[in-house]
Amino acid sequence: MKRCAIFLSLLLLFSFSGCQKAYYSTMESVGYDKREIMTDRVEDARESQEEAKEQFASALEQFKSAVAFDGGELEKIYEKLDDEYEDSEDKAEDVRKHIDKVEDVAEALFEEWAEEITEYSSSKLRVASQKKLTATKNRYNELIRAMRKAEKKMYPVLAAFKDQVLYLKHNLNAQAIAALEGELSTINSDVEALIKEMDKSIAEADSFIQSLE
């Protein structure tokens with residue numbers, strides 16, 4: 001419990017200062033090394049993608065409900081769609097921030113690892129460590145490519161969501177609902193493609209975490 005409190009205090013301190021090197025050094029001084037930080041951040045990024053996937057699916061269902069509108073207050077339909085769009089936008093931003101954090105600690109970890117390899121007096125151990133570093137980097141590159149690919153899939157979907165929400169806002173009538181119906185097929189396909197990329201990225205994260213353990 002005390003260690004958790006220390007971690008939380010340090011996290012808040014260095015979030016404000018933005019000094020990542022000092023953050024990593026301080027965390028290591030309390031027994032929390034870069035490898036552990038990286039594992040935690042990959043897990044956090046994975047979780048943020050799971051949440052984003054669920055949110056985009058929820059937004060899609062709300063759009064389907066709007067298209068099936070059969071009387072009632074259009075203002076309420078608009079408000080629900082707008083809420084779903086804003087929640088989706090927030091989740092997309094969370095994903096981006098978590099991937100950025102993974103990249104930051106990965107850069108620090110690999111830089112430190114490469115520097116420490118030069119300190120070996122045993123050539124056999126130095127070669128073995130270099131091979132492990134190269135393998136870990138390769139797995140990491142696969143992970144980050146999958147994460148960024150999934151992230152990029154979110155933005156066209158968000159743009160389509162925003163267009164439809166704005167159009168409905170400016171035209172609270174049956175014609176606006178008809179316009180939504182015309183775009184539903186495209187949005188549905190885009191969300192399905194996004195979810196597939198998210199699933200691939202999540203699987204890559206699981207694989208990478210296992211390789212670090």
Q. Just one of 187, 195 is open to solvent by less than 20 Å² (accessible area, probe 1.4 Å) and out of contact with any Pro (no Cβ under 9 Å at 6 or more places or on another chain); which is it?
A. 187
Q: Kindly check whether there is at least one residue in segment 84-93 that is more than 26 Å from the chain's Cα centre (by Cα), modelled with pLDDT of 95 or more, assigned to a helix (DSSP H, G or I) and under 21 Å from residue 144 (Cβ atoms).
A: no
(Q) Here is a check on your reading of the model: is residue 100 buried (at least 16 other Cβ atoms within 10 Å of the Cβ), assigned to a helix (DSSP H, G or I) and free of Cβ contacts under 8 Å to residues at least 12 places away in the same chain? (A) no
Q. Considering only segment 154-180, how many residues are open to solvent by less than 80 Å² (accessible area, probe 1.4 Å) and part of a helix (DSSP H, G or I)?
A. 17
Q: Identify all residues within segment 56-73 that are outside any helix (DSSP H, G or I) and either loosely packed, with under 13 Cβ neighbours inside 10 Å or in contact with a Lys or Arg (Cβ under 7 Å, 6 or more places away or on another chain) (or both); write none if there are none.
A: 68, 70, 71, 72, 73
Q: Go through 181, 197 for me and flag whichever is more than 30 Å from residue 73 (Cβ to Cβ) and among the acidic types (Asp, Glu).
A: 197
Q) Does at least one position in segment 74-87 carry a residue that is open to solvent by 40 Å² or more (accessible area, probe 1.4 Å), in contact (Cβ under 8 Å) with a residue 12 or more places away in the chain and within 26 Å of residue 200 (Cβ to Cβ)? A) yes
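The values are calculated or read from the model by the stated rules, or taken from the named source; none is laboratory data. In this text, all values refer to a predicted model and were calculated from it rather than measured experimentally. When we count neighbours, we look across all protein chains shown, and the Cβ atoms used for this are built from the backbone with ideal geometry, even at glycine. Surface accessibility is based on the protein's heavy atoms, side chains included, excluding ligands, DNA and RNA. Shrake-Rupley method; radii C 1.70, N 1.55, O 1.52, S 1.80 Å.
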